[in-house]
């Protein structure tokens with residue numbers, strides 16, 4: 001590892017577990033294996049083994065990032081010299097990550113200088129300056145797992161819905177404004193009331209020159225942004241066609257588990273076992289969740 005990109009030390013993991021509930025029907029598209037006359041136009045994404053619908057972690061993470069980019073104004077920092085694409089703002093990149101090519105360029109002084117000297121375009125120079133600011137950002141902090149349906153939801157689907165789909169088919173019509181001809185299509189949706197087990201892991205890193213306390217204090221800035229993004233998503237939508245009523249979701253969480261090295265080293269450590277075991281106990285709404293490191297690592 002280069003001197004320009006010093007090694008990091010893992011201080012702690014914050015494991016956030018809970019549920020994501022579909023308040024209205026949800027559509028996140030999957031692959032259509034075959035076309036059938038009168039069949040579905042847009043199927044949902046499914047587990048290939050169980051055939052149960054699920055919510056990809058990438059869909060949740062991408063939406064959270066997008067909402068955060070807008071409210072922080074991060075999209076005003078251009079990507080490849082153009083506005084409207086993935087932001088290079090440090091606070092966004094630290095939490096959600098950035099492409100490998102950009103990360104490599106940020107930490108390769110020689111390669112960066114060659115590109116900077118070669119271009120005469122001001123917007124490209126501005127872009128490269130933003131890339132350079134990511135030099136010591138380090139590893140992506142946030143992991144979001146795929147959200148799988150909980151047992152109560154699977155029971156609901158199997159009792160009331162088709163065993164082949166476990167979903168609803170919503171008919172929609174596009175009406176020709178001149179001829180008034182209707183062009184129907186059928187959208188597959190996860191039904192309202194479905195709940196999915198959700199897990200996020202935020203990792204606190206520090207450089208060799210920093211203290212654990214300073215790293216944990218810095219992490220609170222990231223976690224404040226994460227809570228902001230989750231609140232924004234509750235007021236927005238996940239998946240497709242949110243302007244037509246799809247994809248409203250709600251979050252319910254347990255208080256986060258903070259895990260340091262000792263939690264991982266000790267056999268049968270209580271905090272670790274609870275963080276990986278069955279989700280138990282009461283869940284609370286987002287405004288009652290505290291991300292503060294409590295130092296309880298017993």
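Please enumerate the residues belonging to segment 179-194 that are without any contact (Cβ under 8 Å) to a residue 40 or more places away in the chain, within 25 Å of residue 245 (Cβ to Cβ) and not in a strand (DSSP E or B). Steps first, please.
Taking segment 179-194 and keeping what is without any contact (Cβ under 8 Å) to a residue 40 or more places away in the chain, we get 179-184.
Going one step further and asking which of them are within 25 Å of residue 245 (Cβ to Cβ), we end up with 180-184.
Listed by number, the residues that qualify are 180, 181.
Inspect segment 195-214 for any residue being surrounded by 16 or more Cβ atoms within 10 Å (Cβ to Cβ) and part of a helix (DSSP H, G or I) and give the result as yes or no.
no
Give segment 241-254 a look and list any residue that's in contact (Cβ under 8 Å) with a residue 24 or more places away in the chain and under 19 Å from the mean Cα position of the chain (by Cα), or say none.
241, 246, 247, 248, 249, 250, 251, 252, 253, 254
Just to be sure I understand, how many residues within segment 267-291 are part of a loop (DSSP other than H, G, I, E, B) and surrounded by 14 or more Cβ atoms within 10 Å (Cβ to Cβ)?
Summing the residues that are part of a loop (DSSP other than H, G, I, E, B) and surrounded by 14 or more Cβ atoms within 10 Å (Cβ to Cβ) in segment 267-291 gives 5.
Residues of segment 122-177 being part of a strand (DSSP E or B) and either more than 24 Å from the chain's Cα centre (by Cα) or modelled with pLDDT under 80 (or both), which ones?
Correct list: 168, 169, 170, 171, 172, 173, 174, 175.
Check 95, 88, 68 and return the single one that is at pLDDT 90 or above and either assigned to a strand (DSSP E or B) or farther than 30 Å from residue 188 by Cα (or both).
Criteria check complete, one pass: 95.
For residue 246, which of the numbered conditions (1) crowded, with 17+ Cβ neighbours inside 10 Å; (2) out of contact with any helix residue (DSSP H, G or I) (no Cβ under 7 Å at 6 or more places or on another chain); (3) outside any loop (DSSP other than H, G, I, E, B) fails to hold?
If we test residue 246 against (1) crowded, with 17+ Cβ neighbours inside 10 Å; (2) out of contact with any helix residue (DSSP H, G or I) (no Cβ under 7 Å at 6 or more places or on another chain); (3) outside any loop (DSSP other than H, G, I, E, B), just (3) comes out false.
Matching residues to (1) touching a helix residue (DSSP H, G or I) at 6+ places or on another chain (Cβ under 9 Å); (2) closer than 27 Å to residue 151 by Cα:
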residue	(1), (2)
210	yes, no
215	no, no
228	yes, no
269	yes, yes
286	yes, yes
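Restricting attention to segment 225-233, does a residue exist that is buried (at least 20 other Cβ atoms within 10 Å of the Cβ), assigned to a loop (DSSP other than H, G, I, E, B), within 17 Å of the chain's Cα centre (by Cα) and at pLDDT 95 or above?
no
Quick one: in segment 138-154, which of the residues that are in contact with a helix residue (DSSP H, G or I) (Cβ under 6 Å, 6 or more places away or on another chain) and buried (at least 19 other Cβ atoms within 10 Å of the Cβ) is nearest to residue 194 (Cα to Cα)?
In this case the residue turns out to be 144.
The values are calculated or read from the model by the stated rules, or taken from the named source; none is laboratory data. Predicted model only: the values in this text are computed from it and were never measured. In this analysis, Cβ positions are derived from the backbone assuming ideal geometry, glycine residues included, and neighbour counts consider all displayed protein chains.
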